[in-house]
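The values are calculated or read from the model by the stated rules, or taken from the named source; none is laboratory data. Keep in mind the model is a prediction, meaning the values are calculated, not measured. For neighbour counting, all protein chains shown are included, and Cβ atoms are generated from backbone atoms with ideal geometry for every residue, glycine included.
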Amino acid sequence: MAKGNRALLYFAVIIIVLWSFMPIYWILNLSLQFESTIYATPTNLAPLKPTDYWYRRILQLPVEEIEMAGASVGAMTAEHIGRGLKNSILVALPVSVIATAVGSLSGYAFGRLKFKFKNGWLVMLLASQVLPPVAVVLPFFIFFLTLGLLGTLHGLMIIYLGMLIPLVTWVLLGFFAGLPLEIERAARIDGCGRLEALRKIVLPMAAPGIVAGWVLAFITAYNEFMYAWILTTGSFAQTLPPAITGLFFQDTGVPEMSAAVMLSLLPVLALGLVLQKYIMQLRIVDPVTVVA
């Protein structure tokens with residue numbers, strides 16, 4: 001690659017990175033200030049005196065009270081954000097584990113086995129993801145209201161499992177389809193059964209993809225808004241996305257809301273940083289290849 005083209009490529013990458021991370025940095029900047037400095041002229045591109053006041057208040061940690069306009073976080077706001085964060089993790093963690101376990105088995109079946117009506121089942125799997133949440137949330141609302149599942153964490157888990165298992169299956173079938181068949185066949189020749197070869201040979205080879213699929217499932221469940229908003233708002237099962245949205249309808253200051261948003265990003269950012277090498281190994285399957 002010519003030096004001029006390489007420099008242009010690096011410049012484009014820098015612009016894209018800055019464009020992507022600037023909103024996150026700006027929210028962090030606002031969360032470390034008080035109202036009085038946020039609206040100062042000229043605008044502070046970085047906090048002159050960073051404070052963790054808002055984070056400590058939202059997390060209900062001991063903090064020295066500051067008497068100034070916009071410097072108090074309501075106890076109800078802190079309670080909603082803290083409970084929403086806990087609920088989001090309580091829902092996303094088990095749901096992502098179950099969806100990854102089931103999706104790994106179904107992804108293996110679709111990616112490496114031949115069976116009757118495979119194409120039809122694959123089409124049905126994809127069709128389950130076509131309808132937008134807003135189109136099916138009302139039937140779910142009526143159904144859950146009848147069964148007493150409205151405003152419960154396990155009711156939300158049922159919906160998320162139905163949403164995530166097809167997603168994880170679709171992602172992992174491409175990963176399983178790309179693994180070499182020769183090693184598995186050699187294990188079968190040496191006397192391993194199908195399940196034993198799956199457990200000892202295929203799953204260890206597919207471990208990076210399975211971990212990446214779990215991360216994707218966790219992030220999807222953690223960030224899901226529509227179902228959580230309709231089915232849990234106003235209850236003790238409310239998750240973090242609708243809890244943060246509720247701040248717009250309260251007397252909530254900019255730094256307080258910014259701190260809440262930054263706290264919501266921490267689990268996702270931590271997962272992305274720790275497991276980024278696995279995420280980069282994901283391969284999205286070509287539907288034509290699988291169906292053929």
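So, of the residues in the stretch 186-204 that are among the basic types (Lys, Arg) and at pLDDT 80 or above, which turns out to be nearest to Leu113 (Cα to Cα)? Explain how you work it out, then say what you get.
Just the residues of the stretch 186-204 that are among the basic types (Lys, Arg), to begin with: 188, 194, 199-200.
Pick out the ones that are also at pLDDT 80 or above and you get 199-200.
On the way: Arg199: 16, Lys200: 17 Å.
The residue in question is Arg199.
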Testing Gly246 on (1) over 19 Å from the mean Cα position of the chain (by Cα); (2) under 22 Å from Ser96 (Cβ atoms), one condition comes back false. Which one is that? (2)
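Any residue that is assigned to a helix (DSSP H, G or I), of a type in the set (Gly, Ala, Ser), out of contact with any strand residue (DSSP E or B) (no Cβ under 6 Å at 6 or more places or on another chain) and surrounded by 13 or more Cβ atoms within 10 Å (Cβ to Cβ) - is there at least one of those in the stretch 120-142?
Let us first name the residues in the stretch 120-142 that are assigned to a helix (DSSP H, G or I), namely 120-127, 133-142.
With of a type in the set (Gly, Ala, Ser) added as a condition, the list becomes 120, 127, 135.
Next, only the ones that are out of contact with any strand residue (DSSP E or B) (no Cβ under 6 Å at 6 or more places or on another chain) stay: 120, 127, 135.
Those left that are additionally surrounded by 13 or more Cβ atoms within 10 Å (Cβ to Cβ): none.
The answer is no, given that none of the residues of the stretch 120-142 is assigned to a helix (DSSP H, G or I), of a type in the set (Gly, Ala, Ser), out of contact with any strand residue (DSSP E or B) (no Cβ under 6 Å at 6 or more places or on another chain) and surrounded by 13 or more Cβ atoms within 10 Å (Cβ to Cβ).
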Can you name every residue in the stretch 154-184 that is more than 29 Å from Ala206 (Cβ to Cβ) and surrounded by fewer than 17 Cβ atoms within 10 Å (Cβ to Cβ)? His154
Exactly one of these conditions fails for Met76: (1) surrounded by 11 or more Cβ atoms within 10 Å (Cβ to Cβ); (2) under 25 Å from Met226 (Cα atoms); (3) modelled with pLDDT under 80. Give me its number. (1)
Taking the condition in contact with a Leu (Cβ under 8 Å, 6 or more places away or on another chain) and touching a residue at least 40 places away in the same chain (Cβ under 8 Å), does Phe175 pass? yes
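Here is a list: Trp229, Trp214. Which entry is in contact with a Pro (Cβ under 7 Å, 6 or more places away or on another chain) and part of a helix (DSSP H, G or I)?
Values: Trp214 fails: in contact with a Pro (Cβ under 7 Å, 6 or more places away or on another chain).
Residue meeting the stated conditions: Trp229.
Restricting to the stretch 195-209, give me the number of residues that are loosely packed, with under 14 Cβ neighbours inside 10 Å, more than 18 Å from Val171 (Cα to Cα) and not charged (D, E, K, R). Even if it seems obvious, please write down each step before you answer.
Here is the first cut: in the stretch 195-209, the residues loosely packed, with under 14 Cβ neighbours inside 10 Å are 195-196, 199-200, 204, 207.
This time we only want the ones that are more than 18 Å from Val171 (Cα to Cα), so: 195-196, 199-200.
Among the residues that remain, those that are also not charged (D, E, K, R) are: 195.
Number of matching residues: 1.
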Taking the criterion of being among the aliphatic types (A, V, I, L, M), modelled with pLDDT of 80 or more and surrounded by 17 or more Cβ atoms within 10 Å (Cβ to Cβ), would at least one residue in the stretch 273-285 satisfy it? no
Taking the stretch 236-254 and keeping residues at pLDDT below 85 and either in a helix (DSSP H, G or I) or among the hydroxyl-bearing types (Ser, Thr, Tyr) (or both) leaves Thr245, Gly246, Leu247, Phe248, Phe249, Thr252, Val254
Quick check on this structure: which one of Leu167, Leu150 is outside any helix (DSSP H, G or I) and either among the aromatic types (Phe, Trp, Tyr) or within 30 Å of Leu265 (Cα to Cα) (or both)? Leu150
